[in-house]
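The values are calculated or read from the model by the stated rules, or taken from the named source; none is laboratory data. Given the structure is predicted, the values throughout are model-derived calculations rather than measurements. Every residue, glycine as well, gets a Cβ built from its backbone with ideal geometry; the counts of neighbours run over all protein chains shown. Note: areas computed on protein heavy atoms with side chains; ligands, DNA, RNA excluded. Shrake-Rupley method; radii C 1.70, N 1.55, O 1.52, S 1.80 Å.
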Amino acid sequence: MSGGDATGPALSRRVWLMHLKPECAAEYKACHDAIWPEMLALMQAGGVRHFTIHRHDLTLIAVQDRDPAVPPPDPSPVHWKWWAAMAPLMECHPDTRPVQTPTEDVFAFHAQTLPKE
C-alpha cells in the first residue's frame, strides 16, 4: 500500500504466511477472539493501523498495514508471552516466535489511482 491521500498518510503493507498445527484452528481463533488488550495497545503504539489474519485450512495469511513513520518496536515481554501461548498451536521457532514466510505481491488495484474521465 503506498501513496497518501485526503484520508490519511501512506501506509506500509506487509503480508506473510504462518501455519497451524493440525486440529488447532478453533483454539487459535478463540485465542484471537479474546486477544489481550495489552497486545492491541502494543500494536497501535508500534504503528499498526490495520491487521487481519485469514485462514485457509492450516495456512494463516497475515496482512498488516503500518505507519512507516513509526519504527517497529522490539518484542516486549507481552509479545513473548503471547507467542509462548500460541506456540502449541502453530509452527514456531525454538524461542516461540511464529515462523513467518514472506509473500510476493503479484497484483494490486487501488481505485483512487484511476484517472477520472
Next item on the list: Just one of (1) closer than 19 Å to residue 12 by Cβ; (2) within 15 Å of the chain's Cα centre (by Cα) trips up residue 97, so point out which.
Entry: (1)
Check: All but one of (1) open to solvent by less than 50 Å² (accessible area, probe 1.4 Å); (2) part of a strand (DSSP E or B) hold for residue 52; which doesn't?
Finding: (1)
Checklist line | Of all residues in the range 10-34 being open to solvent by less than 40 Å² (accessible area, probe 1.4 Å) and at pLDDT 95 or above, the one that is nearest to residue 50 (Cα to Cα) | finding: 15
Checklist line | Residue list for the range 34-76, filter: in contact (Cβ under 8 Å) with a residue 40 or more places away in the chain and of a type in the set (Asp, Glu) | finding: 38, 65, 67
Check: Out of 62, 84, which single residue is farther than 25 Å from residue 104 by Cβ, modelled with pLDDT of 95 or more and out of contact with any helix residue (DSSP H, G or I) (no Cβ under 9 Å at 6 or more places or on another chain)?
Finding: 84
Check: With (1) surrounded by fewer than 12 Cβ atoms within 10 Å (Cβ to Cβ); (2) without any contact (Cβ under 8 Å) to a residue 40 or more places away in the chain as the list, and residue 105 as the residue in question, which single condition is left unmet?
Finding: (2)
